[in-house]
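Let me begin by presenting the structure, written as structure tokens, before commenting on it.
The values are calculated or read from the model by the stated rules, or taken from the named source; none is laboratory data. Everything quoted here is computed from the prediction, not taken from an experiment. Neighbour counts run over all protein chains shown; Cβ positions are idealised from the backbone, glycine included. With ligands, DNA and RNA removed, areas are computed over all heavy atoms of the protein, side chains included. Shrake-Rupley method; radii C 1.70, N 1.55, O 1.52, S 1.80 Å.
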Amino acid sequence: MAEGILRTRAAELGLDVHVSSAGAFPGGSPATPDAVLTLRTMGIDIDRHVSRRLDRDILAKADLVLTMTREHLREAVVTDPSAFGRIFTLKEFVRKLQDSPTATLTELHKGRSTRDYLHNDPDDDVPDPIGKSRSVYETTARDLDVMLRVVVPRLSTLGIPARTEEAS
């Protein structure tokens with residue numbers, strides 16, 4: 001859902017960004033029917049979405065990786081430790097942008113350590129709606145939309161080229 005929302009909000013602002021998602025599980029699965037229907041009510045089409053497994057090549061090409069959980073962040077950093085400076089949980093990234101509205105990506109990463117992410121923290125995790133009710137999907141989509149509306153306007157001012165990968 002985050003990929004579809006981010007792509008749509010970026011397009012609405014006329015930003016030329018590449019957005020894709022990848023996750024911890026083997027790829028090849030379509031979006032769940034609840035995800036498709038939920039985003040359709042927001043005017044976002046993810047009918048053609050097919051999951052991909054996060055790998056080193058995806059991380060090497062990504063200028064920014066936004067994960068849904070700390071667990072995903074850890075998996076991404078283990079996959080490519082050199083990418084840590086470009087990998088944030090979505091919630092963490094939004095907080096950092098709100099605290100430092102003009103900071104570059106390098107400045108937003110300053111002071112972070114992989115040790116900071118050894119444990120899960122609900123303040124950094126977006127709950128996964130899979131297997132839950134449609135209302136949970138709707139809540140998750142609304143929450144993602146609010147957060148991504150903070151992120152998208154800043155994509156062009158982070159000191160990175162206009163290309164974004166989002167991992168979930």
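A compact table of results
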quantity	calculated
Kyte-Doolittle at least -0.5, axis length at least 30 Å by Cα - qualifying DSSP helices, the chain	none
Per residue, in Å², the accessible surface of the chain once ligands and nucleic acids are set aside, probe 1.4 Å	52
Per residue convex hull volume, Cα atoms of the range 1-130, in Å³	124
Long-range HN-HN contacts of G23 with modeled amide H, under 5 Å	R52, R53, L54, S168
The chain: relative contact order as a whole-number percent, Cα under 8 Å and 6+ apart	37
Amide N proximity, the range 9-43 versus V136 label position 7 Å along Cα-to-Cβ, cut-off under 17 Å	32-39
For A31, distant residues with modelled amide H under 5 Å away	H49
Residues of type aspartates and glutamates that K132 reaches as a straight line, Cα spacing below 18 Å, ignoring anything fewer than 8 places off in the same chain	D34, D143
Peptide ranges 63-71, 146-154 listed from the most packed, as the mean C-beta count within 10 angstrom indicates	63-71, 146-154
